[in-house]
1. Which of rounded, prolate or oblate describes region 105-215 when judged by the alpha-carbon gyration tensor and an a/c cut-off of 1.5?
2. Using a 10 Å cut-off around each Cβ, can you sort Val299, Val441 from fewest to most neighbouring Cβ atoms?
3. Mind checking which aspartates and glutamates have their Cα closer than 20 Å to the Cα of Lys320? Skip sequence neighbours fewer than 8 apart in that chain.
4. Quick one: angle between helix 240-253 and the longest Cα principal axis of the chain, in degrees between 0 and 90, rounded to 10, please.
5. Between Ser391 and Arg44, how many nm apart are label points set 7 Å from Cα along the C-beta direction?
6. Starting from the 7 Å offset along Cα-to-Cβ, what nm value, one decimal, do you get for the label separation of Tyr67 and Lys187?
7. Take peptides 141-153, 303-315 and line them up by average Cβ neighbours within 10 Å, highest first, as a rough protection proxy.
8. For every other residue with a beta carbon closer than 10 angstrom to the beta carbon of Pro100, add +1 if it is Lys or Arg and -1 if Asp or Glu, then tell me the sum.
Amino acid sequence: MVGSSCVTVVRPGEFEPSRHFYPKALNATIHPMVSFFMRFSAERLVSRYCHLNPKVDPIVLAELLAYQPRFFRWAGVDLFNVTTAEGHREMVLIETNSCPSGQKSMPLVTDEEEEGGYRALVSRVMDYYFRKIRKEKGREGGVLAVVYDKNEMENSGYAAAMANHFQEPVYLATYKGSDPDPPVRFKDRYMEVRTESGEWERVRAAFRYVTQKPWNRIPLHTKTLLLNPIQACLAGGRNKAVASTAYDLLNSELAGTGLQIRVPETIREVSKGEIPILVRKMGGHAVVKIPYSNAGQGVFTITSEAELNEFMKGSYSYNKFIVQSLIGNYLWSSRGARGRFYHVGMLPNRKNEIYVADARMMVGADESGFFPMAVYGRKAPTPLQNKLDGSVDSWSMLGTNLSVAQGVDNWGSETSRLVLMDRRDFNTMGLSLDDLLKGYVQAVLATIAIDKMACNLTTSKGKFRLKVYATLNNDESLMEEIRAGNEVEEVL
């Protein structure tokens with residue numbers, strides 16, 4: 001077990017599947033349709049997608065699939081399969097994550113490749129990115145590391161896959177904001193990790209899975225190569241408000257191409273006092289989010305006066321929120337500008353109960369562009385009700401995240417609600433190959449939008465435009481955190 005005073009050294013040959021996959025996934029056989037999707041070429045995807053969506057420009061779609069991100073090379077998106085009363089189905093993007101989980105929940109696409117998606121990310125995304133930047137910047141010397149604040153199962157898997165691929169030891173270190181003496185520090189803009197002997201080793205490149213306010217301990221400008229750098233978090237991977245702006249900008253850029261990021265109707269920079277008015281404007285049904293939280297924290301589904309009052313009684317660390325239209329059952333979903341969407345849901349079980357489930361899709365980018373790395377589903381704790389009678393709170397019907405906070409900086413997972421893409425579970429999701437393709441296109445578009453936002457927020461000399469960023473975040477609490485964790489210049 002990793003302690004707080006040192007790091008664990010992971011050496012080549014130490015990858016053990018039983019340590020890095022859930023038992024349920026380790027013993028599962030991937031569904032043939034999902035396996036087919038994972039191997040689908042970009043050319044065939046463009047052909048199929050444009051056949052079903054004839055207004056889409058195939059040249060533009062091909063260019064987007066081949067896009068080369070500067071900051072955001074590895075991402076995960078959460079999607080809802082929704083429909084209207086007229087039967088118009090869509091895969092709607094809920095949020096994008098710059099440190100997504102997924103490999104431990106993904107059955108092997110190829111039985112003989114025991115490292116699965118871990119190897120795909122290391123050999124295709126990480127190797128290309130590290131070689132590209134090293135060639136451009138001439139950065140040499142130091143060790144490889146994986147730093148994380150949760151999800152040891154998956155991060156130790158990445159460390160073992162890195163050790164095998166690069167054929168050298170990898171330093172695996174926890175890096176929690178609550179740790180008064182963490183085994184990770186930054187000196188002269190280089191990350192360093194503390195060994196068992198108490199010595200500090202310089203890190204030349206690191207895989208980062210620091211999810212909780214990473215900007216308060218990881219600098220914006222580092223000489224150590226990071227996958228992903230903090231710019232990806234601030235530009236939308238850890239900031240839902242800026243992500244919403246990024247989606248709008250890309251949608252404007254794509255006007256006339258037939259392509260669009262599809263998200264719930266979103267209102268940004270909402271003060272707490274404005275929330276009751278906006279909830280009522282949406283018909284009494286809405287979702288309120290703290291823009292900088294993740295793992296299902298800071299998300300509040302409002303479907304009644306009681307739930308609204310409960311939210312308003314709470315005390316929160318930040319001053320600004322976002323309010324989104326709520327996707328529920330047909331009789332109690334928000335009515336937005338594009339009508340009323342409601343959950344398709346999973347197939348009815350033997351009790352004729354329908355559960356809400358999302359689809360988490362992880363994507364990466366190498367020299368050829370984007371490719372899918374993992375897919376899985378997450379089921380809500382209780383079935384969807386046709387009518388709201390107050391007997392069940394709405395979050396238990398709509399909340400799908402598996403993470404459970406267990407004290408400060410400690411997390412558990414409700415794996416009983418995990419829906420695998422295997423021969424058994426996938427059939428219950430009610431998804432088709434075309435649904436997967438639509439979700440994948442949404443994942444790629446969202447990742448590109450956030451990467452472009454990160455590029456716009458960074459000068460040609462690599463300086464972060466903090467003054468511009470402040471105009472996108474009218475929240476002094478967040479800006480104080482960023483300034484406190486970074487020696488930043490107020491660059492326009």
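Nothing in this text is a laboratory measurement; each read-out follows from the coordinates by a stated rule. Not measured: the values here are computed from a predicted model. All Cβ positions, even for glycine, are placed from backbone atoms using ideal geometry, and neighbour counts span all protein chains on display.
1. Oblate.
2. Val299, Val441
3. Hits, sequence-local ones excluded: Glu95, Asp248, Glu265, Glu269, Glu274, Glu307, Glu310, Asp475, Glu476, Glu480, Glu481.
4. It works out to around 80 degrees.
5. 4.8
6. Simple spin-label model gives 4.0 nm for this pair.
7. Numbers: 141-153: 21.2, 303-315: 14.0.
By packing density, highest mean first, the sequence is 141-153, 303-315.
8. -1
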